[in-house]
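**Q** The following block contains the structure, expressed as C-alpha cells.
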Amino acid sequence: MIGAHQNGRVARLGFVSTRIAGTDGVSLEIEKWTAVLEGMGIECFFIAGECDRDEDRSFIIPEAHFEHPDILDITERSFGSERRTPQLTDDILALTRTCRDKLAQAIKHFNLMAICAENALTIPMNIPLGLAIVQEVQEMGLGCVAHHHDFYWERDRFLVSAVDDYLHYAFPPALPQMQHVVISSQAGEEFSRRTGLSCRIIPNVMDFSNPPPPPDDHARRFRETVGLAEDDILVLQPTRVIERKGIEHSIELCRRIDKDRAVLVITHESGDEGHGYQQRVREFAEIMEVKVIFASEFISKCRGVDAAGRPFFSLGDAFSQADLVTYPSEYEGFGNAFLEAIYYRCPIICNRYSIYRTDIEPFGFRAIAFDGYLTAATVMEARRVLESETIRREMVEHNYDVGLRFFSYEILRQEFEFMLRRPHNIQRMYARNWRQGPRDEIVKSILGG
C-alpha cells in the first residue's frame, strides 16, 4: 500500500481551518491538495467549524468558525483599538482552551501524524483557533504545514490592533517543525522580511491533466435558471462581492460592449467583509443601466436538484456557459479564478494586478489585459473575442496548454515530494511517530518509490 510504513501504519494528515465548505478559494485549494496527497498514499482528514467533506473524515469544532458568535465578538473587540481590556484577554484565553481541547480530541480521534493549517495561522479571523493550533503542535510534537493564502498585514481592517502580541505569536508562528507555504513570490518575500522565516512558494493549481467534460443538459439550464434570455451575453464574475475585486470595471465593460444584451453574473456572496460593497455594486449597475445577477443561491459545490425541483449548479457549470470571464481585481493573493477560467477554456479579461504581473503573466497566457481602467482598445479586443469563434478558440487552447505545463496537479505533487524528502521535514512531520524505521524507508513509503 502506497504510504504504508513497514509496520503497517499509514500517513495521516488533517486539514485545519475555520471553514472547509463551499466554493471559497481556501476550501477549493484544500480539495486539490487532498486529491494530490491521497494520490501519494497520505490519508486526509478535515477539522473545521463548518465542513462539507465525508462525515467519517470530518470533525466539527463550532468555535473554530469565524462566524461563531463568540469569535465574532472577540474579533470586533480586537481590532480598531490599540488597548486590550482584561475581559478581552480572558475571553480569548478561555476560547483558546476550548479550541485546544477539541483540536486535541480530533487529532487523537483520527490518529494524525501531521496537520495542515489552511489560512488559520495567516489571517486572524479566529484568534483563539490560531493560538490553539500553535500550542497543540508544540505540545504534541506534531509536524505542521502552514498554508498561507493572505496575511493580516494585507488587510486594512487589521492594521489597528489590540492583539499585536497574539499576531506575532501565531499569525504566523515560528516553530521548527512547521513548513510555511505561500502562494506567490511577493507573499514569500514579504513573509520572510517580516518574520525572518523561510517558506515554500506553491501557486494555486488546477487538474489540467484531466480536462472538464463538455457541458451537458443540466449545465445548459444555468443561463435560463439565473434569468438570462437566449441571446444575452453572459459575462461571468467568478468571485466574492468585495471591494478589491473591482466589480465596477465589469459593469462598465458590460455597458460598453452592449448594455442591452451583456449581463454580469456574479457567482459568490460577499463573504466575511460585510455587505456594503454589494449595495454599491447594485447602485452602480443601476446608474450604468446594466443588468447584474447575484447567482450565489444557484451555485453549490455539487450540482443537482433540490427538494422543490429547482436546479443548482457547480462553478464548472457556470464557467461552461460563460461567453466571457471578467477578473478586474485590484489585488489578489494569487488568482484562483483566473486559473479556473483557463481550465474551463473561457476567454478572460483581467486587470494586471501586481501578482498577475510577477507570477502569472510571464508564463505567456493570452488575456485581454488592462492597467487599472478600461480603454477603448480593451473594449474593442473584448468584442473581437466575443464575435470571432476562431480568435476565441486559439486563445483558450493556448492558455490551456500553458496551464498544463506550469499550473497542473503534477507541479503540486513535485512540491510535496520535495518537502517530504527534506531530512528535517521528514523527521519532524512523520519520523517522530515512526522511530522504528530509518528515514530512507519512511521517504520510500510515503512517496511510493
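The values are calculated or read from the model by the stated rules, or taken from the named source; none is laboratory data. What you are looking at is a predicted structure, and each value in this text was computed from that prediction instead of being measured. Heads up, the Cβs are rebuilt from the backbone with ideal geometry, glycines too, and the neighbour counts pull from every protein chain shown.
**Q** Examine segment 292-299 for a residue that is farther than 25 Å from residue 155 by Cα, part of a strand (DSSP E or B), more than 27 Å from the chain's Cα centre (by Cα) and among the aliphatic types (A, V, I, L, M), and state whether such a residue exists.
**A** No, segment 292-299 contains no residue that is farther than 25 Å from residue 155 by Cα, part of a strand (DSSP E or B), more than 27 Å from the chain's Cα centre (by Cα) and among the aliphatic types (A, V, I, L, M).
**Q** Sticking with this structure for a sec: Starting from segment 130-151, keep only residues that are in contact (Cβ under 8 Å) with a residue 60 or more places away in the chain and at positive phi, then list their pairs with residues that are surrounded by fewer than 21 Cβ atoms within 10 Å (Cβ to Cβ) and assigned to a helix (DSSP H, G or I) whose Cβ atoms are within a distance under 6 Å, requiring at least 6 positions of separation or different chains.
**A** 141/432
**Q** Select from segment 308-339 the residues that are assigned to a loop (DSSP other than H, G, I, E, B) and in contact with a helix residue (DSSP H, G or I) (Cβ under 7 Å, 6 or more places away or on another chain) and list them in ascending order.
**A** We begin by selecting, within segment 308-339, every residue assigned to a loop (DSSP other than H, G, I, E, B); these are 308-310, 314, 321-323, 328-335.
Answer for segment 308-339, where residues must be assigned to a loop (DSSP other than H, G, I, E, B) and in contact with a helix residue (DSSP H, G or I) (Cβ under 7 Å, 6 or more places away or on another chain): 321, 323, 328, 329, 330, 331, 332, 333, 334, 335.
**Q** Name the single residue that is modelled with the lowest pLDDT among those in segment 152-191 being touching a Phe, Trp or Tyr at 6+ places or on another chain (Cβ under 7 Å) and closer than 11 Å to residue 124 by Cβ.
**A** Out of the qualifying residues, it is 157.
**Q** Now for a separate question. Looking at 112, 121, 72, which is the one that is assigned to a helix (DSSP H, G or I) and not assigned by TED's automatic domain parsing to the domain that holds residue 337?
**A** Values: 112 fails: assigned to a helix (DSSP H, G or I); 121 fails: assigned to a helix (DSSP H, G or I).
When all the criteria are applied, what remains is 72.
**Q** I would also like to ask the following. Look at segment 210-251 and say how many of its residues are over 25 Å from residue 329 (Cα atoms) and basic (Lys, Arg).
**A** 2
**Q** Kindly indicate whether residue 198 is hydroxyl-bearing (Ser, Thr, Tyr) and at pLDDT below 95.
**A** Numbers: hydroxyl-bearing (Ser, Thr, Tyr): yes; at pLDDT below 95: yes.
Considered against the rule, which asks whether it is hydroxyl-bearing (Ser, Thr, Tyr) and at pLDDT below 95, residue 198 comes out as yes.
**Q** Just to check your reading of the model, which residue among 240, 221, 200, 157 is under 24 Å from residue 118 (Cβ atoms), touching a residue at least 24 places away in the same chain (Cβ under 8 Å) and outside the structural domain of residue 87 (by TED's automatic domain parsing)? Before you say what the answer is, go through the steps one by one.
**A** Numbers: 221 fails: under 24 Å from residue 118 (Cβ atoms); 200 fails: outside the structural domain of residue 87 (by TED's automatic domain parsing); 157 fails: outside the structural domain of residue 87 (by TED's automatic domain parsing).
Matching residue, one of 240, 221, 200, 157: 240.
**Q** Let me ask something else. Scan segment 323-335 residue by residue and report those that are surrounded by 23 or more Cβ atoms within 10 Å (Cβ to Cβ) and within 22 Å of residue 211 (Cα to Cα).
**A** Listed by number, the residues that qualify are 324, 325, 326, 327, 334, 335.
**Q** Which of (1) hydrophobic (A, V, I, L, M, F, W, C); (2) more than 25 Å from residue 28 (Cβ to Cβ); (3) in contact with a Pro (Cβ under 8 Å, 6 or more places away or on another chain) is the odd one out, the single condition residue 99 does not satisfy?
**A** (2)
**Q** Please verify whether residue 412 is surrounded by 19 or more Cβ atoms within 10 Å (Cβ to Cβ), modelled with pLDDT of 95 or more and in contact with a helix residue (DSSP H, G or I) (Cβ under 8 Å, 6 or more places away or on another chain), treating the condition exactly as stated. Break it down into steps so the answer makes sense when it comes.
**A** Numbers: surrounded by 19 or more Cβ atoms within 10 Å (Cβ to Cβ): yes; modelled with pLDDT of 95 or more: no; in contact with a helix residue (DSSP H, G or I) (Cβ under 8 Å, 6 or more places away or on another chain): yes.
In short, no.
**Q** All but one of (1) within 23 Å of residue 229 (Cβ to Cβ); (2) among the small types (Gly, Ala, Ser); (3) buried (at least 17 other Cβ atoms within 10 Å of the Cβ) hold for residue 367; which doesn't?
**A** If we test residue 367 against (1) within 23 Å of residue 229 (Cβ to Cβ); (2) among the small types (Gly, Ala, Ser); (3) buried (at least 17 other Cβ atoms within 10 Å of the Cβ), just (1) comes out false.
**Q** Between a residue in segment 107-124 that is within 19 Å of residue 199 (Cβ to Cβ) and without any contact (Cβ under 8 Å) to a residue 60 or more places away in the chain and any residue that is surrounded by fewer than 23 Cβ atoms within 10 Å (Cβ to Cβ) and β-branched (Val, Ile, Thr), which pairs come within a Cβ distance under 9 Å, given they are 6 or more apart or on different chains?
**A** Listed pairs, sorted by first residue: 124/75.
**Q** Of the residues 342, 360, 349, only one is at pLDDT 95 or above, β-branched (Val, Ile, Thr) and under 21 Å from residue 187 (Cα atoms); which?
**A** On the way: 342 fails: under 21 Å from residue 187 (Cα atoms); 349 fails: under 21 Å from residue 187 (Cα atoms).
One residue alone meets the criteria, 360.
**Q** Any idea which of 342, 349, 355 is in contact with a helix residue (DSSP H, G or I) (Cβ under 6 Å, 6 or more places away or on another chain), surrounded by 20 or more Cβ atoms within 10 Å (Cβ to Cβ), touching a residue at least 60 places away in the same chain (Cβ under 8 Å) and part of a strand (DSSP E or B)?
**A** Values: 342 fails: part of a strand (DSSP E or B); 355 fails: part of a strand (DSSP E or B).
Result of the check over 342, 349, 355: 349.
**Q** Further, regarding this structure: Show the residue pairs that are 6+ apart or on different chains and have beta-carbon atoms under 8 Å apart, the first residue being within segment 380-395 and more than 16 Å from residue 252 (Cβ to Cβ) and free of Cβ contacts under 8 Å to residues at least 60 places away in the same chain, the second being of a type outside the set (Lys, Arg) and surrounded by 14 or more Cβ atoms within 10 Å (Cβ to Cβ).
**A** 384/391; 391/385; 392/347; 392/385; 392/386; 395/347; 395/385
**Q** Grab the helices (runs of 4 or more DSSP H) fully contained in segment 214-287, keeping just those with 3 or more residues being modelled with pLDDT of 95 or more and closer than 23 Å to residue 355 by Cβ.
**A** On the way: elements: 217-220, 222-226, 247-258.
Ranges flagged: 247-258.
**Q** Go through the residues of segment 97-118 one by one and say whether even a single one is in contact with a Lys or Arg (Cβ under 7 Å, 6 or more places away or on another chain), surrounded by fewer than 21 Cβ atoms within 10 Å (Cβ to Cβ) and closer than 24 Å to residue 174 by Cβ.
**A** No, every residue in segment 97-118 fails to be in contact with a Lys or Arg (Cβ under 7 Å, 6 or more places away or on another chain), surrounded by fewer than 21 Cβ atoms within 10 Å (Cβ to Cβ) and closer than 24 Å to residue 174 by Cβ.
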